[in-house]
1. Of everything in segment 221-244 that's within 18 Å of Ala166 (Cα to Cα) and not hydrophobic (A, V, I, L, M, F, W, C), which residue is nearest to the ligand (Cβ to nearest atom)?
2. Being in the same structural domain as Ile202 (by TED's automatic domain parsing) and touching a residue at least 24 places away in the same chain (Cβ under 8 Å) is true for just one of Arg152, Arg175. Which residue is that?
3. Does any residue of segment 209-220 turn out to be under 23 Å from the mean Cα position of the chain (by Cα), modelled with pLDDT of 95 or more and within 10 Å of the ligand (Cβ to nearest atom)?
4. Report yes if some residue within segment 128-145 is more than 15 Å from the chain's Cα centre (by Cα), within 16 Å of the ligand (Cβ to nearest atom) and surrounded by 15 or more Cβ atoms within 10 Å (Cβ to Cβ); otherwise report no.
5. For segment 105-121, give me each residue that is surrounded by 17 or more Cβ atoms within 10 Å (Cβ to Cβ) and in contact with a helix residue (DSSP H, G or I) (Cβ under 9 Å, 6 or more places away or on another chain).
6. Only one residue in Glu259, Glu237 is surrounded by 13 or more Cβ atoms within 10 Å (Cβ to Cβ), out of contact with any helix residue (DSSP H, G or I) (no Cβ under 8 Å at 6 or more places or on another chain) and among the acidic types (Asp, Glu). Which one?
7. Residues of segment 147-157 being in contact with an Asp or Glu (Cβ under 9 Å, 6 or more places away or on another chain) and within 14 Å of the ligand (Cβ to nearest atom), which ones?
Amino acid sequence: MAESLPNRYFSKSGPGPRPSVEALLAWAAHHLAPHLPNPEREARLLLAETLGCSKARLFREPREDVEPASIVRFEALVLRRGRGEPLAYLTGHREFWSLDFRVNRHTLVPRPETEALVSATLRIIPEQDQAGRLLDLGTGCGTLAITLARERPRLEIWATEQSPEALTVARENARALGTPSIEFRAGDWFEPLPQGIVFDWIVSNPPYLPDGDPALMGDGVSFEPRASLVSGPTGLEALCRIIEGAPRRLRPGGWLIIEHAPSQSGALVSLLGSSGWQAVDGYRDPAGERQGTIACWPGP
Ligand SMILES: C[S@@+](CC[C@H](N)C(=O)[O-])C[C@H]1O[C@@H](n2cnc3c(N)ncnc32)[C@H](O)[C@@H]1O
């Protein structure tokens, strides 16, 4: 492992010369290289975050000295990242749909592939000023509810989430991102909704990994809440519960738009088809990878 920063720059005889931006980035990239594919990029992001400046400024001012307190904070972040903690938990935010979402260890880190669910939903709700009611199940930090509220400002949007801590983050994000009217409810899928309320659209990115899935060994994944990733022994448990519960909460002609693993497509198509759903179809990301399924509930 590379020498620690305080050891290098604060010797027993007192502080030595202050390290420059350049020197700190070199140390961090060296420390992160064995663990990560893009050590330079991550080092730069963490230093910009520590100093509260842009990455461009680090490029412009590589020789600038850095304050001791910032060095200590930066080192702590780099060491945590080297131990596998997601970058988004260290910086406290993650971009999704070009919006800046606050995240913490109680929330899943929003994934770029979930943007395909937003695109699929916007294709089903093409008019910007469309009115109607939409439900986001398992909202996490509010990703889908908030993005869709911004894209379709006339919708009445509800969101449920079983983790109260995640819901606190979602509410903060909704305020910060200008969508304070979203109705957030804590509890199990449909359970916290008022009796009788029905929706025109239900969207969800539920947990869909089976216990022990190799994806759980991915970068930073072990730090994320297990309940946001793992559904049970088959991975289909949450998807099945949502598909089973949605007909009671959709108007006839309403749509379900749901993310799942590409390998689960066949199971989803046959489950939806055999339970009376219509227009069952896959949606894909811009690279053509199947990311989820849409289906229309024709009514009882
Ligand atoms: C894959 S994460 C999706 C988070 C966010 N919607 C996104 O796309 O970034 C799944 C979310 O569902 C929540 N969840 C899991 N089981 C739930 C349940 N029974 N009822 C409500 N929410 C649940 C988890 O806490 C987690 O926030």
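1. Once the filter is applied, the top-ranked residue is Ser228.
2. Working: Arg175 fails: touching a residue at least 24 places away in the same chain (Cβ under 8 Å).
Just a single option satisfies the conditions, and that option is Arg152.
3. yes
4. Here is the first cut: in segment 128-145, the residues more than 15 Å from the chain's Cα centre (by Cα) are 128-135.
From what's left, within 16 Å of the ligand (Cβ to nearest atom): 134-135.
Checking the rest, the ones that are also surrounded by 15 or more Cβ atoms within 10 Å (Cβ to Cβ) come to 134-135.
Within segment 128-145, one or more residues are more than 15 Å from the chain's Cα centre (by Cα), within 16 Å of the ligand (Cβ to nearest atom) and surrounded by 15 or more Cβ atoms within 10 Å (Cβ to Cβ).
5. Hits for segment 105-121 are His106, Thr107, Leu108, Val109, Pro110, Thr114, Glu115, Leu117, Val118, Thr121.
6. Answer to the selection: Glu237.
7. Of all residues in segment 147-157, those in contact with an Asp or Glu (Cβ under 9 Å, 6 or more places away or on another chain) come to 147-148, 152-157.
Once the filter is applied, which keeps residues that are in contact with an Asp or Glu (Cβ under 9 Å, 6 or more places away or on another chain) and within 14 Å of the ligand (Cβ to nearest atom), segment 147-157 yields Thr147, Leu148, Ile157.
Matching residues to (1) free of Cβ contacts under 8 Å to residues at least 24 places away in the same chain; (2) among the hydroxyl-bearing types (Ser, Thr, Tyr); (3) more than 16 Å from the ligand (Cβ to nearest atom):
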residue: Cys53; (1), (2), (3): yes, no, yes
residue: Arg57; (1), (2), (3): yes, no, yes
residue: Glu67; (1), (2), (3): no, no, yes
residue: Glu75; (1), (2), (3): no, no, yes
residue: Pro86; (1), (2), (3): no, no, no
residue: Glu95; (1), (2), (3): yes, no, no
residue: Pro110; (1), (2), (3): no, no, no
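The values are calculated or read from the model by the stated rules, or taken from the named source; none is laboratory data. Just so we're clear, the structure is a prediction, and the values are computed from it rather than from any experiment. Using ideal geometry, Cβ is built from the backbone for each residue, glycine included, and neighbour counts are taken over all protein chains shown.
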